[in-house]
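The values are calculated or read from the model by the stated rules, or taken from the named source; none is laboratory data. What you see is a predicted model, and the numbers here were worked out from it, not measured in a lab. FYI the Cβ positions are ideal-geometry reconstructions off the backbone, even for glycines, and counts take in every protein chain you see.
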Amino acid sequence: MPQADEQFAGLRKGLLEFALLTVISVERVYVADILALLAETPFATQEGTLYPLLSKLRREELVDYEWVESEAGPPRKYYSLTDKGRGRLGDLGAYWRHLTTTLENLGR
Amino acid sequence: MERVVTINLNGNPYQLDESAYDALRAYLARAEAALGADPDKAEIIRDLEQAVADKCAGYLSAHKSVVAAAEMNAILGEMGPVEGAEPHDDGEPAQSNEPPHKRLYRLAGDSKIAGVCSGIGAYFDLDANLIRFLFIIAALFTSGFFILVYIAMMFLIPSAQTSAEWAAAHGAPFNAQEVIDRAKREYARFTDGSARGWRREQRAWRRSMREQAQSWRHGWEPAAAPASPVGYVARVFAGLFAFVFSIVTAALLIAFLIALFSLLNTGAVLGWTPPGDSPNWLAIAVLCIAYAALASPLGYLRRSSYAAASGRRFHHGGADGLVTLLAVLAGGALAYQLLPDFREWARDIPDLWRTIRLEF
């Protein structure tokens with residue numbers, strides 16, 4: 001849906017944080033993992049967007065990272081959700097369901 | 001043939017060819033501009049550098065040690081534009097699409113003398129040569145007054161040093177290609193430097209390149225990145241002070257030379273003869289010391305004003321100079337007022353000289 005790609009960019013952008021929290025909630029990931037996981041989805045994104053967003057989430061204490069040594073190079077930052085982040089993800093999920101049910105019911 | 005630039009990323013050296021280096025620098029400069037006041041800017045920039053480094057490693061092998069421009073463009077394309085963390089929800093449009101606020105800068109890169117005319121031209125969207133022409137006509141009709149205006153503007157208008165400022169001078173959106181083009185142009189200017197004979201400018205440029213190269217070699221500390229701009233208004237003021245201090249130091253130098261010559265020729269300064277029959281060399285020595293005591297702090301102030309006005313860093317604050325000057329003056333005045341001994345000693349200096357002379 002190339003057209004949808006253009007048209008709904010704002011929608012996806014707004015939901016990127018939701019998608020990002022979801023990805024991080026599954027397991028501890030580092031940026032390349034996140035990019036790879038999102039690459040196949042409509043939420044495909046790039047480092048230039050991801051790093052500032054992660055740093056903002058960390059400032060809001062929704063995610064945290066720790067340095068993990070890697071065999072293939074310098075240590076990497078592995079991100080995981082904080083308790084506050086889990087709470088936010090739960091809220092987001094609930095609100096999202098509320099939005100979608102509202103939208104579906106509006107048409108009836 | 002391209003030159004190769006070695007950069008240091010987290011302790012690992014990477015070699016880029018020059019256009020790749022330009023592209024990377026432009027990317028990081030834009031990232032910094034986009035991040036604006038983000039409190040974690042330094043960390044994000046480090047993360048971005050690390051990500052670039054990881055991607056560079058993917059292009060290198062035992063038989064290939066230099067990252068080429070095309071590869072760097074691919075890497076930066078993958079990285080994507082850096083977006084500020086705080087989206088502008090309050091109706092303010094994202095800055096990437098909106099032309100930045102237009103500001104008057106001198107454009108040293110496109111200059112005949114100091115870039116005043118090309119800066120004005122860029123500001124009003126007019127050809128710089130038209131402005132130059134008008135300036136010359138105006139100078140002719142005002143019998144040279146506009147030359148003074150030009151000189152004043154040279155000091156007052158800050159020169160555009162960073163890519164963001166350069167873009168702001170044109171009111172153009174800030175994009176990588178423009179920055180790279182500009183870097184290329186400046187490089188070309190630098191290589192055939194003798195063509196225009198602006199040796200002084202060339203030297204300054206080389207110096208700033210060296211400083212930059214050094215800061216890059218030191219592992220890209222964000223604090224030492226090329227752009228550490230002082231605010232526009234502050235730089236206008238710094239330019240004003242640079243102008244004033246230049247005039248004052250020049251006047252001081254002229255006064256010193258006049259005093260020195262009159263001392264040598266007539267043995268007196270402005271009708272004042274050194275007291276008693278103190279030796280000429282002593283009077284000259286005192287004059288030199290007095291000149292140095294006044295000129296060195298003023299020189300500090302002038303140089304630091306220049307540095308602030310051009311957005312460069314100066315290792316000694318202007319305060320150093322002011323403090324030294326004040327300390328010298330205040331020390332003398334206080335000693336004269338509070339210490340009778342000093343006062344008497346100061347009055348006895350002629351006698352002192354006579355004694356010294358007798359001793360010899």
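Some observations on this one:
- Looking across the stretch A:51-64, just one residue is touching a residue at least 24 places away in the same chain (Cβ under 8 Å) and part of a strand (DSSP E or B), and that is A:63.
Conditions (1) farther than 17 Å from residue B:53 by Cα; (2) touching a Leu at 6+ places or on another chain (Cβ under 8 Å), marked per residue:
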residue	(1), (2)
A:52	yes, yes
A:56	yes, no
A:62	yes, yes
A:73	no, no
A:77	no, no
A:92	yes, yes
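- The criterion of at least 3 residues that are more than 14 Å from every other protein chain (Cβ to nearest Cβ) and in contact (Cβ under 8 Å) with a residue 24 or more places away in the chain is met, among helices (runs of 4 or more DSSP H) falling completely within the stretch B:16-85, by B:18-35, B:69-79.
- Test result for residue B:138, free of Cβ contacts under 8 Å to residues at least 60 places away in the same chain, part of a helix (DSSP H, G or I) and under 19 Å from residue B:236 (Cβ atoms): no
- For the stretch B:95-107, the count of residues that are within 13 Å of another protein chain (Cβ to nearest Cβ), closer than 22 Å to residue A:56 by Cα, at pLDDT 80 or above and under 31 Å from the mean Cα position of the chain (by Cα) is zero.
- Scope the stretch A:66-88; condition at the interface with another protein chain (Cβ under 10 Å from one of its Cβ atoms) and either part of a loop (DSSP other than H, G, I, E, B) or within 18 Å of residue A:19 (Cβ to Cβ) (or both); matching residues: A:72
- Single match in A:46, A:7 (criterion: at the interface with chain B (Cβ under 10 Å from one of its Cβ atoms) and among the polar types (S, T, N, Q)): A:46
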